[in-house]
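Input: a single structure, listed below in structure tokens.
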Amino acid sequence: MLNGTTAEIVERKALRINPAKTCQPIGAMYAALGIHGCMPHSHGSQGCCSYHRSHLTRHFKEPVMATTSSFTEGASVFGGMANLTQALRNIFSIYSPEIVAVHTTCLSEVIGDDIPTIVRKAQEEGSIPEGKIVIHANTPSFVGSHVYGFSNMVMAMVNYLSEKTGTTRNQVNIIPGFVEPADMREIKRLAAALGADIVMFPDTSNVLDGPLTGQYKMYPEGGATVAQIRSAGDSIATIALGHFAAHVGAATLESKCNVPAAFLELPIGIGATDRFIDTLRNYAGVQVPAAVELERGRLVDLMSDLHQYFHGRRVAVSGDPDQVIALTQLLLELEMKPVYAITGSPGNQFEKRMHELLDGPVPNARIKQTADLFELHQWIKREPVDLLIANTYGKHIARVENLPFVRFGFPILDRTSHRFNPTVGYVGAMNLINQMLNALLDKKDRECAEEWFELVQ
Amino acid sequence: MSVPAHPPAAGYDSAGFPLPSAPVPESEAVRLEMLKAYPPKTRKKREKQLLANDPATPPEIGANTRTIPGIITQRGCTYAGCRGVVIGPIHDILHITHGPVGCSYYSWLTRRNLARPKPGQPVNYLQYCMTTDMMEEEVIFGGEKKLAAAIREAHAIFKPKAIAVYSTCPVGLIGDDIHSVCRKAKEELGINVFGFSCEGYKGVSQSAGHHIANNGVFKHMVGLLDEPDPQPFRINVLGEYNIGGDAWEIDALLQKCGIHVTATLSGDISYEQICKCHTADLNVVMCHRSINYMAEMMETKFGVPWIKVNFIGAEQTAKSLRKIGQFFGDQRLTDRIEEVIAQEMAALRPVQADVRSRLQGKTAAMFVGGSRAHHYQHLFKDVGMLTVAAGYEFAHRDDYEGRAVLPKIKVDADSRNIEELDVEADPQRYNPRKTPEQIAALQAGGFNFKDYDGMMAEMKKSSLVIDDISHHEMEKLIELYKPDIIGSGIKDKFVIEKFGVPCKQLHSYDQGGPYAAFTGAANFYREIDRMINSKVWQLVTPSWKKPADPALALGRGIDSPANQAVRAVVSGLAKAWKPRQAAAAAPES
Ligand code: SF4
Ligand code: SF4
């Protein structure tokens, strides 16, 4: 397995091997599913849409609906106007969504289809029923990554939907970043515990973690409603969780509707969660209740109890930039040593922020944006680590190098914890700590000499 | 066609189809109901792709035509069909996708074409995903340089025997000439490097990609190694992809019979095996859709004849083995085949009978691929289940109506897009495996070459056939037919199961399998039994939402019999405890 990977590093300028990112549209599709009653639409050939739906389904084990413009050669030559117009007509008459969120693909980007013009024409000729909405985001995959696609679709929500009426509403917007439904649910739970009124968009909880009831609903209960996203323009402030996936949306809302933005990181670990709670408390003008402090206290207690298992352990992390930046802080709180940290996404903020975090405690850490898992594996071969944290694609490395492995981020195609256990908030940190401990101790219990195989840990 | 049983076996009708235990709705009514929601133009197109079946004279079906924009389809693209299916499983060459990262990323280990490199061939590159990860700059100024550099880098790191390159949509549009890049790399590096122009928009589905892959594999690999394997009775299994280990199961069975597999195209296969597969005596075709091109080209150029087989379903497997035996016409081989069939069937029958006792009369529907929606009907039939509706995702008319219809198929613009190779007999190596007399004798004995009658001929009259089923039609189908199980793919799986209907993925097998040959059949029977009879479906409705059932009242309410019973026991214990307590408290005497 992976037996072509050696410790000897040959410089690569052109070949990407085992990428740690994917393309923009899948992020846009995921974000669009966080709008209630929304049909994501992929404007391009049908293969992209099929791949994105399959991939999201393998991650969530849930229905993932989206339509496509099904380009063939003709559309590729003459443009996709006819295809998109026909698609909109079909979508509204057969699948009756409230809103269609169009994203482009490489193909329609290269052709240069002008989506707003096509949509306007479709509207004029009556292909879009009265009261129904079409929004769009440009998501070329030769720029950025899936995280940028998410961010671009969030920006589209703001641009198309959010409005300032002049009457401020006593509510705080939260843009949660490219996180799991379980994380979004946890963020809402914390806000409710604080008694803060929030509008969160996108919100995929109750969309991509639906119950089995014997009834299929194409548009499940969950998702931020169009009315909520509209009202975001009247909120007191926006809290954006993550530079890469959330900040652009918040900045857009700030400039469009004058809603001040707090640019935070994902609330993973104690410090980042504290900052989130504190910011939300201040904007919403509420107190942190005892129950939340108790939760936090239990987390600190856990960290103190288990400190010996984590201290000084060398960790390799791969993931989306916002996730790696936030997780690194939890690892540092546990006094672990994140010696290798990569993301596949481009963007200088990653390396900048990671250096700020690691230059002091782990001076020789290797940090790289636009990197791939092949390279990370080579680093590990040169100097090993005690723990690997990555999405499912890390499992081959973990197997050949015999590493304890914690699955984290997107996608997780072979385990289920992410479907119901958050990684954000104090509870999320407990989940992560629990998974890391299990991974480390399971290996020890499997491999240690018999005399060191102990009942109590 | 299934042979009518005289008299029909219990639970089967006179044509050999299982009798459903609940009435099946009339397919024409279902069809009209499905079409109702469509706008006129869409309806007109879909009408041709939804039909009530007639096995005797299969009606003409609209197939291999464009999917209508805005319709939620199962289909993927040409790139997926090319990169993923026929060539993707070759495990000791490198596969580089030229384009932005996504197309390559999504085709990374998501198809379950398992590989187990042979001893002495330790390389397996299938865990690698390689792409030029095209950026804006290359989209504007062209990506040929980057591709050439990527090939060079891949060669420097892995030193492979061969490199295959695949184009994605944007590449075709910006006009990169991948073939000239490959030619130059081949000269420079001294290894085999070749490209596939399989841009996603080229065809109406994955099917176009299969054709392109067939052409490329044939042109660039088949025939490079003239070293026949030493074993007698050499065949290639074409259109078998070793999903869930199917190819291993078939291989083992054939080996038991004394038949040698030179190559399986394409499952657990090495470069060398592909290069010498033209030295086999016979091609047997599993999935007609994805690989009939290869079978035809190998026959024209090298004289290797082909026959259709099917190793899915017990009877079908036995029939296929006998057909191969008949081709070779060797008495010892024929005897051995009969011996193996007898052994395997003896082991399988009790499993089949046991499972059938629970599944007889249940119904299935299948919408998948280009052959499985047909082949798997046999497995369901084995356990007494009737397939009430079925269709392919990307097949052509011949896969539905049979190859007899081939001359009548109109070649449309989308199909014309795909190159038809000009293949001629190889001046040195063309070697027809049978003389005209032998062929005539075989045919006189009922043996047919290149025979595929299609799905419709083997499906019950009036069952519903749906090509490229849409999500809307799937919903209606569940509502109206209420099938006991549906075979489909990953995108439908959880939709169907939300309705409380189990869905077996027939692309990936839900990570199960193998289901081919006799052992595989037993696996499948048990799997379907497990899925249909799973207790989980009974847990869907909480007790308080079910109609009051007197038997259930036992556990409900303070005065329920169950509570009364507990109360009696507990008060007895309490009474017994009190005197003891009194005794313990008594002052010591
Ligand atoms: S063409 Fe572009 S959008 Fe489509 S899958 Fe490939 S990278 Fe993604
Ligand atoms: S861009 Fe083209 S080749 Fe890539 S997945 Fe989409 S349709 Fe297929």
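Just a few scattered comments:
- Across the range A:119-206, the fraction of Cα-Cα pairs farther apart than 23 Å, rounded to a whole number, is 42%.
- Helix A:348-358 axis, angle to chain A major axis (alpha carbon atoms, nearest 10°): 30
- Modelled FRET efficiency - R0 35 Å, A:V286 with B:E479, Cβ distances, 0.05 increments: 0.15
- Charge sum, other residues only, whose C-beta stays under 13 Å from A:H136's C-beta, Lys/Arg counted +1 and Asp/Glu -1: -2
- The convex hull of the Cα atoms of the range A:302-457, projected and averaged over all directions, covers 9.5 nm².
- 3J(HN,Hα) along the range B:304-312: 7, x, 10, 10, 8, 10, 7, 9, 9 Hz, from the Karplus curve 6.51 cos²θ - 1.76 cosθ + 1.60 with θ = phi - 60°, whole Hz, x for Gly and Pro.
- Residues with amide H under 5 Å from that of A:M200, placed H, sequence gap 5 or more: A:I174
- Computed over the Cα atoms of the range A:172-289, pair by distinct pair, the Kirkwood hydrodynamic radius stands at 14.6 angstrom.
- Rh by Kirkwood over Cα pairs, then Stokes-Einstein D for chain A at 0.890 mPa s and 25 °C, µm²/s: 107
- MRE, 222 nm, helices only [DSSP H, n ≥ 4, -39500 (n - 2.57), over chain B, to nearest 500]: -13000 deg cm²/dmol
- Extending 7 Å from Cα along the Cβ direction at A:T416 and again at B:K461 yields two label points whose distance is 4.7 nm.
- Theoretical FRET efficiency, 1/(1+(r/R0)^6), r = Cβ-Cβ of B:N533 and B:E187, R0 60 Å, to 0.05: 0.45
- With each label modelled as a point 7 angstrom along the Cα→C-beta vector, the B:E137-A:S304 pair spans 5.3 nm.
- Per-residue [θ]222 nm for chain A (sum of -39500 (n - 2.57) over DSSP H runs n ≥ 4, rounded to 500): -13500 deg cm²/dmol
- Degrees between helix A:373-382 axis and first principal axis of chain A (Cα, 0 to 90, nearest 10): 10
- Here, the protein assembly as shown has an Rg and a Dmax of 30.8, 119 Å when only alpha carbons are counted.
- Gyration tensor verdict on the range A:391-457 (Cα atoms; rounded if a/c is under 1.5, prolate if a/b is larger than b/c, oblate otherwise): oblate
- Label point distance in nm, B:K545-B:R322, each placed 7 Å from Cα along Cα→Cβ: 5.1
- Proximal charge balance of A:L327 [Cβ under 11 Å; K/R count +1, D/E count -1]: -4
- If R0 is 60 Å, the Cβ-Cβ spacing of B:E28 and A:D278 corresponds to a FRET efficiency of close to 0.35.
- Overall dimensions of the range B:350-487, expressed as equivalent-ellipsoid semi-axes from the Cα gyration tensor (√(5λ), whole Å, largest first), are 36, 23, 12.
- Kirkwood Rh (inverse of mean 1/r, distinct Cα pairs), chain B, angstrom: 26.4
- Length added when fully stretched, B:Q255-B:D177, from 0.36 nm per residue minus Cα-Cα: 23.7 nm
- Loop sites in the range A:85-171: GluC sites (Glu not before Pro), DSSP, at most 11 other Cβ within 10 Å: A:E125, A:E130
- Per residue of peptide A:4-12, the mean number of Cβ atoms on other chains within 10 Å of the residue Cβ is 4.
- According to the calculation over all Cα-Cα pairs in the range B:1-119, the P(r) per 10 Å bin from zero is 9, 23, 20, 26, 18, 4, 0 %.
- Computed over the Cα atoms of the range B:452-538, pair by distinct pair, the Kirkwood hydrodynamic radius stands at 14.4 angstrom.
Only the coordinates and a few stated rules stand behind these numbers; no lab work does. This is a predicted model, so every value here is computed, not measured. Note that each Cβ is placed from the backbone with ideal geometry, even for glycine, and that neighbours are counted across all protein chains shown.
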